[in-house]
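J.: Take a look at the following structure, please.
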Amino acid sequence: MNHSKIFLLVLVISAMISCNRTTISEVEKTVAAAAPATKTKAKNVILMVGDGMGLGQLTAGMIANGNKTNFDKFTAIGLHKNSAFNDLITDSAAGATAFACGVKTYNGAIGVNSDTVAVKTILEEAEEMGMKTGLVATSTIVHATPASFIAHDPKRKNYEAIALDFMDVDIDFFVGGGSKYFNQRSDEKDLYAQLRTRGYQLEDYFSAELEDITIDPNKKFAYLTAIDSPLPQAQGRNYLMEATQKAIEHLSHNSPNGFFLMVEGSQIDWGGHANKADYIISEMIEFDNVVGYVADWTKKDQNTLLVVTADHETGGFAIQKGSTQDSLVTAFTSDYHTGVMIPVFAMGPFSEQFIGIYENTKIYNKMRTAYGWKDE
Ligand SMILES: [Zn+2]
């Protein structure tokens, strides 16, 4: 073997060794990235619901936003099957009750099963565990999605009865519309006064803008954003980001046992019912921005499971041939909800559970598993 052959052999062997090293270290990195299994549980869970947000809505919002979306921050992505107990097409009440209580129920049911029997919600369970809890919505706070986490009623339209149910749970933070169900009631009960007696700092659109309020960290907080339904975002409603930031700040302060928060972008659904693409897109972009804020907070916090999904799609909304980046050609098949599967995005401890295809009720079970609660 001459010198140049020996040199070549050394070169080949050292290349093989370094190649091996690279492979091992890459495997180690992959294992480390896939295994936040060191966490035995998630301290906090944040569930974000874009009501009526199917893939069409999400994609339209993304294209209108310069082809950018904060949903690209997620890597644990799945699909849920969203039928109601006795109907392939769910409404928001049955859809939210599936997330809140883990049961399939009939359309219109708020926190009750298919026999109209009350089922404890994940928010009520969190309260019992000494955790902090919150609800934020761009509908009234007694509307189907937020209501299903705190109230029990056989009929979603029983708004005054649903508002009364807020008096039975020590929810720490809530923001949404519908002040009339609290202080202009047919039974003349003054739930504003009751909330203050129960230790709430209670404000509304009439007393101050949400952004101007200093929240007392030692009190529970409630803010009513409108007499009835809040305006669409395009007509001046602008509180979802502010309310979500204040909710997270309030609930994470001095909370050794963690918190549960549900945030709803309520009116993506209303744009679908109205068959108005512009309405869907403006609501979608607002929700996307808030998802981006919460995702960044979740990444920093490292103890929080964040789940973002919808209850159902609304409108059979499609992006059609002829669409360009600057101008979408859209169509609708319906002015109601449709039955397509719905994407689920998760990050944080136990987020890998949300990969795959499963029933909407499993979202409840997966959130409980993340908290380390025994499944029932
Ligand atoms: Zn709807």
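J.: Can you list the HN-Hα couplings for the stretch 306-313, worked out from phi with the Karplus curve (6.51, -1.76, 1.60; θ = phi - 60°), rounded to whole Hz and with x for Gly and Pro?
T.: Here the 3J(HN,Hα) series is 10, 10, 10, 7, 10, 7, 5, 8 Hz.
J.: Once phi is turned into θ = phi - 60°, what whole-Hz ³J(HN,Hα) does the Karplus curve with 6.51, -1.76 and 1.60 give for every residue of the stretch 42-48, x standing for Gly and Pro?
T.: Here the 3J(HN,Hα) series is 8, 6, 10, 10, 10, 10, 10 Hz.
J.: Treat each spin label as a single point 7 Å out from the Cα along the C-beta direction, and report the E211 to T324 distance in nm.
T.: 3.5
J.: Still on this structure, I have one more. What distance in nm separates the two pseudo spin-label positions at K300 and T116, each 7 Å out from Cα along the beta-carbon direction?
T.: Inter-label distance under the simple model: 4.8 nm.
J.: Quick one: angle between helix 92-101 and the longest Cα principal axis of the chain, in degrees between 0 and 90, rounded to 10, please.
T.: Once rounded, the angle reads 70 degrees.
J.: Per residue, what volume in Å³ does the Cα convex hull of the stretch 243-376 take up?
T.: Working: hull volume 18.0 nm³, N = 134.
Taking only Cα atoms, the stretch 243-376 has a hull volume of 134 Å³ per residue.
J.: Most fluctuating residue of T298, T225, T244 in a GNM of the chain with Cα springs under 10 Å: which is it?
T.: Greatest mean-square fluctuation among the candidates belongs to T298.
J.: Taking R0 as 25 Å, what FRET efficiency do you get between Y293 and W373 from their Cβ-Cβ distance, rounded to the nearest 0.05?
T.: Details: r = 27 Å, r/R0 = 1.10.
Between Y293 and W373 the formula returns 0.35.
J.: From the cross-link list K81/K366; K120/K366; K81/K362; K299/K362; K81/K157; K220/K246, which pairs have alpha carbons spaced over 19 Å apart? Don't jump to the answer; show the numbers that get you there.
T.: Working: K81/K366 15 Å; K120/K366 16 Å; K81/K362 10 Å; K299/K362 24 Å; K81/K157 25 Å; K220/K246 12 Å.
Pairs exceeding the cut-off: K299/K362; K81/K157.
J.: Based on other C-beta atoms within 10 Å, arrange E209, E188, E283, E127 from fewest to most.
T.: Values: E209 13, E188 7, E283 30, E127 19.
Least to most surrounded, the residues fall as E188, E209, E127, E283.
J.: If I build a Gaussian network model for the chain, linking alpha-carbon pairs within less than 10 angstrom, which residue out of G258, G199, G177 has the largest mean-square fluctuation?
T.: Checking each option, the largest mean-square fluctuation is seen for G199.
J.: Test of understanding: what is the full-extension gain from I357 to F85, defined as 0.36 nm times their sequence separation minus their Cα-Cα distance?
T.: Here the answer is 96.1 nm.
J.: Using Cα springs under 10 Å in a Gaussian network model of the chain, which residue among S282, S83, S186 shows the largest mean-square fluctuation?
T.: Of S282, S83, S186, the most mobile in the Gaussian network model is S186.
J.: Rounded to whole Hz and in sequence order, give me ³J(HN,Hα) for the stretch 208-213 from the Karplus expression 6.51 cos²θ - 1.76 cosθ + 1.60, θ = phi - 60°, writing x for Gly and Pro.
T.: 5, 6, 4, 5, 8, 8
J.: Kirkwood hydrodynamic radius (Cα pairs, Å) of the chain?
T.: When all Cα pairs of the chain are included, the Kirkwood radius is 21.8 Å.
J.: Right, next: Taking amide H atoms as placed 1.01 Å from N in the peptide plane, list the residues 5 or more away in sequence, or in a different chain, whose amide H sits under 5 Å from that of G108.
T.: Under 5 Å from the amide H of G108 lie the amide H atoms of D91, A93, A94, each far enough along the sequence or on another chain.
J.: Now a separate question. Explain nothing, just the number: relative contact order of the chain, from Cα pairs under 8 Å at least 6 residues apart, as a whole percent.
T.: Averaging sequence separation for qualifying contacts and normalising by length gives 29 percent for the chain.
J.: Let me ask another. Whole Å is fine, so just give me how far the alpha carbon centre of the stretch 288-321 lies from that of the stretch 211-260.
T.: What the calculation gives is 18 Å, centre to centre.
J.: Another question about this same structure. Would you order Y336, Y192, Y223, Y106 from fewest to most other beta-carbon atoms within 10 Å of each residue's own beta-carbon? Mind showing how you got there, number by number?
T.: Working: Y336 13, Y192 17, Y223 27, Y106 20.
Ranking Y336, Y192, Y223, Y106 by Cβ neighbours within 10 Å, fewest first, gives Y336, Y192, Y106, Y223.
None of the figures in this text is laboratory data; all of them are computed from the coordinates on show. Note that this is a predicted model, so its numbers are computed, not measured. Neighbour counts run over all protein chains shown; Cβ positions are idealised from the backbone, glycine included.
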